[in-house]
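Engineer: Encoded as structure tokens, here's the structure I'll be asking about.
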Ligand code: PLP
């Protein structure tokens with residue numbers, strides 16, 4: 001067989017997807033698995049009518065920036081909710097999920113050998129996407145802060161990527177931290193990328209969008225998604241917001257790779273945008289209350305975690321267990337039928353952590369899962 005490319009051969013499988021695939025296999029064998037590994041929350045959202053969507057337009061390719069109706073709704077929402085103004089004609093592109101949006105952005109800003117600074121624990125796809133673009137991920141260990149980032153900047157640094165609210169800790173970057181990062185980006189003339197896929201999963205007033213502090217977007221690129229905030233991950237709709245030059249380059253990548261997201265789904269979301277928000281917002285509030293209760297419970301039973309109060313994730317320490325995070329999660333799944341994601345997938349410095357997602361199970365089931373995690377830590381210490 002001829003050889004395969006170096007970048008795909010050496011790419012890591014996404015750890016979260018790997019463990020969720022193990023869950024699907026166990027479920028197919030009839031096992032009852034408590035799933036604490038999913039990267040999404042489930043909302044109750046009714047199926048709205050497709051009848052009024054523009055037929056037969058929904059059958060065909062749409063504008064490769066995404067349909068104007070959806071871009072305009074998003075622009076209005078971001079202005080009103082996050083004081084983040086952008087031009088829906090030129091400063092946004094909607095594509096098939098933010099994962100693709102982030103990848104096409106890396107394609108648009110990186111040349112081979114360019115470095116991208118990112119802090120562990122980090123979303124599993126950032127380093128692999130950078131490598132797929134022939135760039136070099138520079139990973140900052142979890143116990144440093146944004147005020148340590150400057151020492152990682154070299155002549156080859158092209159960007160810093162952060163994620164707020166954060167998967168897997170739930171941390172929300174403060175305005176001061178974002179301002180510091182923006183100052184670094186301006187000083188070294190590099191890009192600051194902020195992945196805001198979980199923007200609605202924070203208490204009122206807590207989340208600050210990078211777009212609200214760099215209104216000209218000369219150094220900023222912001223990602224967001226329909227997947228998490230609207231509980232509609234399977235429809236693959238995500239977007240990038242930045243200045244018109246960045247978006248134009250992403251647009252070209254998008255035209256050659258995807259053309260446009262699924263037209264019918266864009267029209268559906270645009271038609272029901274406000275109705276969906278009205279339904280998801282109170283459910284997110286309930287979820288954040290549940291998170292708080294679970295957080296109190298973790299404290300009560302002595303489970304440690306990295307700081308954070310948003311999203312539906314906890315990055316839980318398995319110290320003083322002697323197991324690696326993969327050994328721990330495999331044991332938890334195979335012996336106790338509880339799935340969590342090994343911290344190693346979020347960076348080398350995170351092998352003494354696991355990601356626990358409380359977005360889908362009931363409070364009682366989450367408690368049962370945490371009790372089992374604590375017990376497994378104790379008996380493997
Ligand atoms: N960014 C973060 C931090 C995520 O956790 C995810 C999904 O897990 C994504 C981006 C990608 O989301 P999507 O491609 O569904 O928009």
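The values are calculated or read from the model by the stated rules, or taken from the named source; none is laboratory data. Because the structure is predicted, anything quoted here is derived from the model rather than measured. No Cβ is skipped: glycine too gets one built from the backbone with ideal geometry, and neighbour counts run over all protein chains shown.
Engineer: So residue 308 fits all but one of (1) modelled with pLDDT of 95 or more; (2) within 24 Å of the chain's Cα centre (by Cα); (3) part of a helix (DSSP H, G or I); what number is the exception?
Structural biologist: For residue 308, the exception is condition (3).
Yes/no per residue for (1) more than 18 Å from residue 87 (Cα to Cα); (2) touching a residue at least 12 places away in the same chain (Cβ under 8 Å); (3) buried (at least 22 other Cβ atoms within 10 Å of the Cβ):
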site: 188; (1), (2), (3): yes, yes, no
site: 197; (1), (2), (3): yes, yes, yes
site: 204; (1), (2), (3): yes, no, no
site: 211; (1), (2), (3): no, yes, yes
site: 218; (1), (2), (3): no, yes, no
site: 225; (1), (2), (3): no, yes, yes
site: 228; (1), (2), (3): yes, yes, yes
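Engineer: Check 114, 83, 87 and return the single one that is within 29 Å of residue 166 (Cβ to Cβ), out of contact with any helix residue (DSSP H, G or I) (no Cβ under 8 Å at 6 or more places or on another chain) and in the same structural domain as residue 227 (by TED's automatic domain parsing).
Structural biologist: One residue alone meets the criteria, 114.
Engineer: Restricting the first residue to segment 233-245 and requiring it to be within 23 Å of residue 38 (Cβ to Cβ) and in the same structural domain as residue 107 (by TED's automatic domain parsing), which pairs with a second residue that is more than 9 Å from the ligand (Cβ to nearest atom) and part of a strand (DSSP E or B) meet a Cβ separation below 7 Å and a spacing of at least six or different chains?
Structural biologist: Filtered contacts from segment 233-245: 237/94; 238/95; 239/92; 239/93; 239/94; 239/95.
Engineer: Here's something else I'd like to know. Tally up the residues in segment 25-42 that are away from the ligand (no atom under 16 Å from the Cβ) and either part of a loop (DSSP other than H, G, I, E, B) or touching a residue at least 60 places away in the same chain (Cβ under 8 Å) (or both), please.
Structural biologist: Number satisfying all stated conditions: 7.
Engineer: Could you tell me whether any residue of segment 330-338 is closer than 17 Å to residue 14 by Cβ and either in the same structural domain as residue 286 (by TED's automatic domain parsing) or buried (at least 19 other Cβ atoms within 10 Å of the Cβ) (or both)?
Structural biologist: Yes.
Engineer: Residue check, residue 5 against (1) touching a helix residue (DSSP H, G or I) at 6+ places or on another chain (Cβ under 8 Å); (2) away from the ligand (no atom under 16 Å from the Cβ), all met but one. Which one?
Structural biologist: Checking residue 5 against (1) touching a helix residue (DSSP H, G or I) at 6+ places or on another chain (Cβ under 8 Å); (2) away from the ligand (no atom under 16 Å from the Cβ), the one that fails is (1).
Engineer: Could I ask something else about it? Could you please give the count of residues in segment 15-42 that are in contact with a strand residue (DSSP E or B) (Cβ under 7 Å, 6 or more places away or on another chain) and over 30 Å from residue 128 (Cβ atoms)?
Structural biologist: 0
Engineer: Checking the condition within 18 Å of residue 222 (Cβ to Cβ), in contact with a strand residue (DSSP E or B) (Cβ under 6 Å, 6 or more places away or on another chain) and surrounded by 23 or more Cβ atoms within 10 Å (Cβ to Cβ), which residue from 109, 160 passes?
Structural biologist: Sole residue among the options that is within 18 Å of residue 222 (Cβ to Cβ), in contact with a strand residue (DSSP E or B) (Cβ under 6 Å, 6 or more places away or on another chain) and surrounded by 23 or more Cβ atoms within 10 Å (Cβ to Cβ): 160.
Engineer: Still on this structure, I have one more. Being over 27 Å from residue 368 (Cα atoms) and part of a loop (DSSP other than H, G, I, E, B) is the filter here; which residues of segment 1-24 pass it?
Structural biologist: 1, 2, 3, 4, 5, 10, 11, 12, 13
Engineer: Quick test of your reading of the structure: residue 241 fulfils all but one of (1) more than 12 Å from the ligand (Cβ to nearest atom); (2) crowded, with 24+ Cβ neighbours inside 10 Å; (3) more than 21 Å from residue 167 (Cβ to Cβ). Name the failing condition by number.
Structural biologist: If we test residue 241 against (1) more than 12 Å from the ligand (Cβ to nearest atom); (2) crowded, with 24+ Cβ neighbours inside 10 Å; (3) more than 21 Å from residue 167 (Cβ to Cβ), just (3) comes out false.
Engineer: Quick check: is even one residue across segment 179-197 closer than 21 Å to residue 74 by Cβ and part of a helix (DSSP H, G or I)?
Structural biologist: No, segment 179-197 contains no residue that is closer than 21 Å to residue 74 by Cβ and part of a helix (DSSP H, G or I).
Engineer: Sticking with this structure for a sec: One residue is enough: does segment 43-54 have a residue meeting the conditions within 15 Å of the ligand (Cβ to nearest atom) and touching a strand residue (DSSP E or B) at 6+ places or on another chain (Cβ under 8 Å)?
Structural biologist: No.
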